[in-house]
């Protein structure tokens, strides 16, 4: 990361950056039109005669769980709005957000069709107009849950080096932007200040979009920010760090063909200092190797040319099974892949086990140690290598022809990041007896003091960790475990793959009910009406509904800070955190309870 941007390395450099970028820019505001004629129907299909008509100043609504007007229920209704607007010649970008279905028509031509049930989703579509009057129509339907629709447009800047910046006075990129302007890049350290007098200093969000020319090549994109950041390339999400976090830089290598590509950066800021930056350059070789696997995927069987995409894939052993579904956009069958990683330790003979369907080969420090580069059904190979103490570079290469693909690699004795075990393969090392298993169906598994998400979390264990199971709850959905490193507690058995024994053979445990969450002094204010749920996710049943503007006591949170546990009246439950502003205390001081 550049010293110029990393506050932890140089505060003075960040001040210089902020001063250098605050050049006054001409602002343009998103247009929402005027004099929309709305027809409202008491069915979700725009069928029959409207219940009523109404003139609207804009199609920007957030009804939540409420009805749009008399004679219409709060769910399963629809509406259509029409207007005629005078527009100057040029290409305009329409921004359309809806929950649920939406369609956009221009001069009788359908240019956006998202007619389906969906959570709040934002779409972008460009349309080129001649100077004159143009007919616009928006169709919308509401199914179950909350209702939202918003439509606006801006003139697309023709200069390819300019970014269209949209700033919102909320952290959710919702509604009409408070400010839209053209900027020369995405590189800001605002500190405690605001991007503009029209934008709040806290609880704001921003979106930058530019269509830029690229020569063919692999480009390294580095996106840094304090709190949530996302990067889209040609509407494909390539960096997703949409949660509260300190100033951090994220890196990805992307293969781009020659021509124009659209970049979109999204950012939100809560409290304190605000900063965001995007930089990109041609990638020369892989990033400096660390403990994570650096994976490169190719749209051919020979690892030739530029990779279709790259990503980091964790620190455990490699265990992947592919059907005819794509690994990622652009890669289905007839692909190849290369994983590279640096592993430190050893000073002992180490046995490597590789299973592949089709071809695979393993290199250690550039030397080929397993060569199975051929068409074959799933086959397992192993070899023992006497590795010196220190760091070694592992490289696994693989190609897949047709049908199902399998790639697996582990080694024994394993390093500190225990690789996952292949089904029906190796038995656990000494020290684990009885009913044993491996964390296989989660990247990390919470260990708790009791059998349920309401019990306090002790720690997490990564995917690939071997465990010995000792006791179970009444239905075996939770078990007590112990690991070779000394971790013990309760885990959900749904995320374990059995190696030996059965869960039902375990003795029943004596269970102490979870303690009631204690007050933390942290309070939050809802910026939207929210459902109170029994757990941290939309799959959990809901206990009730909390109105917009309500202040609640925060008593817990999940590890990603996307859901918070609150006390509301006599009930304790979970609500979605992005729609809550902390008004007293710090969320980071709240214990992780789910």
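What follows draws every value from the coordinates through simple rules; no lab data is involved. Bear in mind that the values here come from a model prediction, so they are computed numbers and not experimental data. Cβ sites come from the backbone with ideal geometry, for glycine too, and all protein chains shown count toward neighbours.
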1/(1 + (r/R0)^6) with r = Cβ-Cβ of residue 547 and residue 261, R0 = 56 Å, i.e. FRET efficiency to nearest 0.05, evaluates to 0.80
Label model pair residue 379, residue 475: point-to-point distance (7 angstrom along the Cα→beta-carbon line) in nm is 4.6
Place a point 7 Å from the Cα of residue 271 in the direction of its beta carbon; the residues of region 170-210 whose amide N falls under 13 Å from it are 202-203
Applying the gyration tensor rule to the Cα atoms of region 114-253 (axes a ≥ b ≥ c; rounded if a/c under 1.5, else prolate if a/b exceeds b/c, else oblate), the class is rounded
With R₀ set to 41 angstrom, the calculated FRET efficiency between the beta-carbons of residue 458 and residue 235, to the nearest 0.05, is 0.50
A chain fully extended from residue 49 to residue 482 at 0.36 nm per residue, minus the present Cα-Cα distance, gains in nm 149.3 nm
Neighbour-count ranking for 583, 156, 447, 138 (other C-beta within 10 angstrom, fewest to most) reads 583, 156, 447, 138
From the Cα centre of region 207-254 to that of region 101-162, the distance in Å is 25
